[in-house]
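Step one of this worksheet: look at the structure below.
No value in this document is a laboratory result; all are computed from the given coordinates. Given the structure is predicted, the values throughout are model-derived calculations rather than measurements. Here Cβ is always computed from backbone atoms with ideal geometry, including for glycine, and neighbour counts include all displayed protein chains.
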Amino acid sequence: MNGIFTIDTRYVRPHMDASHLILDGGRAAFVDTGSEHSVPFLLEALAEHNIDAAQVDYLMLTHVHLDHAGGAGRLAAALPRAKVLVHPRGAPHLADPSRLIAATRAVYGAQRFAELYGDIRPIPAARIAAVSDGQKIVLGTRTWEFIHTPGHALHHVCIVDREAGDIFTGDTFGVSYREFDTAAGEFVFTTSTPTQFDPSQLHASVERLLKFEPRALYLTHYGRVGDAPRLGADLHADIDAFVSIARGAASAADPVADMAPKLFAHLSARLDAHGFAGDSARRHAILDGDIELNAAGLAAWLARGAS
């Protein structure tokens with residue numbers, strides 16, 4: 001829609017993680033990449049639209065978590081003219097991903113890391129451009145504005161087309177899996193993954209996005225959603241609920257283990273109210289990976305002093 005195409009990166013499971021391809025005036029750009037294993041699917045999308053690699057001007061990364069940027073090095077190598085645009089805090093990790101690799105391996109272990117992310121390739125520094133808050137670029141006939149949106153991560157940006165009302169939100173506007181769509185519309189929940197979750201920052205970033213009065217938001221997890229005022233209100237309430245659950249677990253021997261079933265119960269109650277008919281097994285199958293990471297992020301926030 002509007003020259004924006006959602007590509008399933010096939011990270012973990014179908015319809016969990018997306019890259020977006022923008023086409024305008026014979027020029028192209030990608031927003032986020034999935035993992036290194038995802039790159040062939042992105043290149044297939046170019047071929048399907050009869051776009052040559054030399055027509056891709058930009059690779060825009062909302063942040064450098066590896067489900068969003070793990071394939072950036074391999075994709076950049078296949079796109080000789082594309083400039084890689086990223087938050088200033090993220091740029092050094094693209095040129096030298098060793099710290100990012102080590103931190104992610106520590107979470108998943110070496111074998112699971114390889115299965116999920118493959119070979120994380122560095123990008124030559126000359127091809128990386130750090131974008132400032134409010135910086136604009138032109139792609140074809142459209143102007144895109146980068147805004148810094150901390151809360152999920154300090155190195156997070158969102159990308160706004162003010163004229164069309166489209167925003168690429170990465171993880172700032174939460175997660176909305178298509179399996180949870182009902183007659184009531186889309187279902188969204190916040191993501192508090194390690195290690196830089198900050199509820200006050202995230203509230204402010206969500207509110208900043210809502211002030212653009214977007215027509216459509218494109219989430220990496222997963223795809224296009226509308227009805228921004230309703231979903232934004234749900235996110236604000238969710239952030240507060242997550243914080244309450246985290247504070248209740250502050251004195252637990254294992255805060256993550258304490259929080260996980262409570263997060264599931266919270267989201268399951270919301271799904272009931274949303275009219276989702278899937279049973280507990282179905283809900284666990286979709287939610288458990290996010291809940292584990294969200295609980296770990298909340299525990300890290302508690303450990304930092306929960307300000």
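Descriptive notes on the structure:
- Region 160-307: projected area of the alpha-carbon convex hull, averaged over directions, in nm²: 8.3 nm²
- Packing around the peptides 215-224, 244-253, taken as the average count of other Cβ atoms within 10 Å per residue, puts them in this order, highest first: 215-224, 244-253.
- Within the same chain, lysines fewer than 8 places from Lys136 are excluded, and of the rest, those with a Cα less than 28 Å from its Cα are Lys83, Lys211.
- For the pair Asn50 and Thr141, label points projected 7 Å from Cα toward Cβ lie 1.8 nm apart.
- Degrees separating the helix 255-274 axis from the principal Cα axis of the chain, which is the longest one: 80 degrees
- Normalising the average separation of contacting C-alpha pairs (under 8 angstrom, six or more residues apart) by the number of residues puts the relative contact order of region 101-226 at 21 percent.
- The reciprocal of the average 1/r between distinct C-alpha atoms defines the Kirkwood hydrodynamic radius, which for region 228-303 equals 13.0 Å.
- Among 121-132, 11-22, 29-40, 189-200, sorting by the average number of other beta carbon atoms lying within 10 angstrom of each residue, highest first, gives 29-40, 189-200, 11-22, 121-132.
- To the nearest ten degrees, helix 199-210 and the longest principal axis of the Cα atoms of the chain are 50 degrees apart.
- Whole-Å distance, taken between Cα centres, linking region 150-209 and region 1-66: 19 Å
- Value of relative contact order over region 228-303, rounded to a whole percent, pairs C-alpha under 8 Å and six or more apart: 42 percent
- Mean Cβ count within 10 Å, highest first, over the residues of peptides 201-212, 276-287: 201-212, 276-287
- Surface/4 of the Cα convex hull for the chain, nm²: 14.8 nm²
- Among beta bridges that DSSP assigns inside the chain, antiparallel share in %, nearest 5: 65 percent
- Contact order relative to length of region 4-225, as percent, for alpha carbon pairs under 8 angstrom and 6 or more apart: 19 percent
- Radius 15 Å from Cβ of Leu116, net charge of other residues (Lys, Arg +1; Asp, Glu -1): -2
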